[in-house]
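> Sharing a structure here in C-alpha cells format.
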Amino acid sequence: MIEQLEYQGVWWLPENPEQQISGILKFSPNEGATLDLIGSFKEIKNIEKVLQPEIVLGISSDGKSITLYHCFETKSTISSSGLQISSLYANFAFIGAHFQKREDIRFNKLFIHYSNLDEWVNISGFDITHDLSKKEVAIKYRLPEPVHADIGEDYTIMVDIRATSPGWSLVQKEAKVTQTTYICIEPHEPKFFNEYLKVTHNIQNLLTLAVGEPVYPLAIEGKTEASKEMIDDRPYYPSVNMFYTYPNTPKALKTIAPYKMLFTFKEIADRFEYFANNWFKKAEVLEPVYDLYFATLYNPRMYLQQRFLSLVHAVEAYHRRTMKNYELSQDEHNTRIKEILNAAPLKRKKWLRDKLTYSNELTLRKRLREILDSYWDIGQLEGNKDEFISKVLATRNYLIHYDSKLKEQAASGEELYYITVKLKVLMETVLLTVLGFGLQDIESLLCRRRGFQ
C-alpha cells in the first residue's frame, strides 16, 4: 500500500478479451493506479467519448493476473500517423486474480499489516540464549498462536503472526527468521471487498487511539475463490494483493515504542474480544465522533484553530448521541411554545415560531458541563472547570462568528494550544470509556503517557 509499483503487460476489457493492448500500470499511495496504454479500447470515431470501464484485466510480463476496478479514462490522443495513446485511472488494483465482473470481487478473508502493529502487539516467538563460556548462541522460534475476537454475528477478527523460515545456502553466512503481525478479518461468508473497508477503517481508528499516532495500512491481501488452485486434490488460495489511493500517506513512517503508546495489546489481550466488540458496536452511533477526533490526528497541517473547532464539535457530537438532548419533555416544551406564541403579536408569530424551533435543545455550555462532570477528576483535566468551559465557549463563538466583542475573551496563541490539548485529552478519555476502560485505568494510562512525554 505504501510502495510504488510498476507492471508492464497486456490489457483488455472482460467483454472483449481478443483486443489486447500493451501498456504500463503504475501505482503510488498518493497518486493511485494509472494505466498508460499504447492504443485505446475505443475506436477512432469515438475519440471524444470518455470511457468508464468498470473492470480492466491484465497479465503482467512476469505472469501476474491483474484486475483494475472502477476505472475511468483520463487521456486519449491520436498522432498524425494514426497511433492512439490513452490513459486510465483505477480506484482499485488487485494483483493476483482476474475478476470478470463486479459481483465476483469477493474475499473469504482479508489480512492487513498496519504501521506500528508489530510494536503494539509486541508478541515474540523468539527465545534467544547466549552462553559466552561456550561461545554459543541458541535461537529458537515458535510461531505464536493467533488471538481471536468474534465481532457480533458477522466477523471474526484475529491478531495473526506470520514468520519466514531461514533460507539455506551452500555457503551459510546467516540464518534469518522475520516475524510480521497482521490483523485478519474473516466474515462468516464471503463478502464483497467494499464491505471490508468499513471494518478496516474501524480497526485503523482503534489502533490509532491505542498507539497515539496515525496508523496506516502497509499491506492488504485477501483470499478469494477467483485465485483458487487445486494441489493434490486440495484447494489452495494464493494471496491477492489490494492497492488503492491513500492520500497524505507520509513517505517515512516513524516507529513508536510500546512504552510511548496510550495502551498496548498485551494490556487488553485477555479482554480483546470485549474491547473490540465495544468499539465496533458503538461505531455506528459514534461515527461522526470518531471522524472528527481522528481527523485532527491524520491532518498534521491542520491549523490550531481548526483542530480546536473539530474537537469541540466532536465533544458536542458525543453528547448529542449518548446523553439527554432536551431540557423539557416534548409535551412540556410544546406547552411552553404555545404559551409564548399566544402572548405574541399575530404578525410576529411565524417569525417567533421559527426562532423557537430548537429552543428545547441543551446549550453547548450545558453539554460541556455534563461531560466534564463525569471526567474532570482525571489528573490531566485539573484546573478551574468553569473557567475552562467559559474559555472554550468564548473561543468557539469567536472563531465561528468572528464577533469583535468576543476577541478579548477568546483564547489565542499558547492559551489556545493548551485548551486544545485539554479537549484532546477529554476526547481520549471519552473514547477509552467507549472502549471499556474504567476511570482509574484511564487516569493511569494518561498519567503514564504524560510521564514519558
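The numbers here are math on the coordinates, done by the rules we state, and not lab data. Fair warning: this is a prediction, and the values are worked out from it, not measured in the lab. FYI the Cβ positions are ideal-geometry reconstructions off the backbone, even for glycines, and counts take in every protein chain you see.
> Can you list the lysines whose alpha carbon sits under 27 Å from that of LYS324, skipping same-chain ones fewer than 8 residues off?
LYS281, LYS282, LYS338, LYS355, LYS366, LYS385, LYS391, LYS422, LYS424
> Under the classification rounded if a/c is under 1.5, otherwise prolate if a/b is larger than b/c and oblate if not, where does the chain fall, given a ≥ b ≥ c as square roots of the Cα gyration tensor eigenvalues? Numbers along the way, then the final one.
Working: a/c = 2.25, a/b = 1.37, b/c = 1.64.
Oblate shape, in that a/c is at least 1.5 and b/c is the bigger or equal ratio.
> Would you kindly state how much longer the chain becomes between CYS184 and ASN342 on full extension, computed as 0.36 nm times their sequence separation minus their alpha carbon distance, in nm to one decimal?
Numbers: separation 158, 0.36 × 158 = 56.88 nm, distance 6.30 nm.
In short, 50.6 nm is gained.
> Roughly speaking, what is the stretch gain from ARG369 to SER79, that is 0.36 nm per residue apart minus the C-alpha to C-alpha distance, in nm to one decimal? It would help to have the intermediate numbers written out before the result.
On the way: separation 290, 0.36 × 290 = 104.40 nm, distance 6.89 nm.
Working it through step by step, the gained length comes to 97.5 nm.
> Another question, then. Any chance you could run the full-extension gain for GLN330 through CYS447? It's 0.36 nm times the residue separation minus the Cα-Cα distance, nm to one decimal. Intermediate values should be presented prior to the final figure.
On the way: separation 117, 0.36 × 117 = 42.12 nm, distance 4.28 nm.
Full extension from GLN330 to CYS447 adds 37.8 nm.
> Once the Cβ-Cβ distance between GLU43 and LYS64 is put in as r, and R0 is 30 Å, what FRET efficiency do you end up with, to the nearest 0.05?
On the way: r = 29 Å, r/R0 = 0.97.
The computed FRET efficiency comes out at 0.55.
> Relative contact order for the chain: what is it in percent, counting Cα pairs under 8 Å that are at least 6 residues apart?
Numbers: 714 pairs, mean separation 57.8, N = 453.
This gives 13 percent for the chain.
> Once label points are set 7 Å from the Cα along Cα→Cβ at both LYS254 and LEU5, what is their separation, rounded to one decimal in nm?
3.0 nm
> Which value in Å does the Kirkwood hydrodynamic radius of region 232-371 take, with 1/r averaged over all unlike C-alpha pairs and then inverted?
Values: mean 1/r = 0.0482 Å⁻¹.
It works out to 20.7 Å.
> Further, regarding this structure: Starting with the fewest neighbours, write out GLU48, GLU273, GLU6 ranked by other beta-carbon atoms found within 10 Å of each beta-carbon.
Numbers: GLU48 7, GLU273 16, GLU6 10.
By the 10 Å Cβ count, ascending, the order reads GLU48, GLU6, GLU273.
> Using DSSP to define loop residues, name the GluC sites (Glu not before Pro) in region 69-167 whose beta-carbon has at most 16 other beta-carbon atoms within 10 Å. Mind dumping the intermediate values first?
Details: sites: GLU73, GLU103, GLU119, GLU136, GLU153; in loops: GLU153.
Passing sites in region 69-167 are GLU153.
> Lysines near LYS134 by alpha-carbon distance under 29 Å, same-chain residues fewer than 8 away left out - which ones?
Result set, ordered by chain and number: LYS173, LYS176.
> Relative contact order for region 5-102 using alpha-carbon pairs under 8 Å, separation at least 6, rounded to a whole percent?
Numbers: 226 pairs, mean separation 27.2, N = 98.
Once divided by the residue count of region 5-102, the mean separation gives 28 percent.
> Counting other Cβ atoms within 10 Å, which GluC sites (Glu not before Pro) in region 162-247 have at most 13 and lie in a DSSP loop?
Details: sites: GLU174, GLU195, GLU221, GLU225, GLU229; in loops: GLU174.
Here the sparse-neighbourhood loop sites are GLU174.
> OK, next. Arrange the following residues from fewest to most other Cβ atoms within 10 Å of their Cβ: THR77, THR433, THR181.
Numbers: THR77 11, THR433 17, THR181 20.
So the residues, fewest neighbours to most, are THR77, THR433, THR181.
> Tell me the mean residue ellipticity at 222 nm calculated for the chain from its helices only (DSSP H runs of n ≥ 4, each -39500 (n - 2.57), averaged over every residue, nearest 500).
Working: 12 runs with 159 residues, N = 453.
Value at 222 nm, helices only: -11000 deg cm²/dmol.
> For region 85-176, what does the convex hull of the Cα positions come to per residue, in cubic angstrom? Let's see the in-between values first.
Numbers: hull volume 22.6 nm³, N = 92.
It comes to 245 Å³ per residue, whole-number rounded.
> Loop-only chymotrypsin sites (Phe, Trp or Tyr not before Pro) in region 283-356, please: DSSP not H, G, I, E or B, and at most 13 other Cβ atoms within 10 Å.
Those that pass, being in a loop and sparsely packed, are TYR303.
> Mind putting together the pair-distance distribution for region 5-102? All Cα pairs, 5 Å bins, whole percent per bin, short to long.
Percent of pairs per bin, in order: 3, 14, 27, 27, 18, 8, 3, 0.
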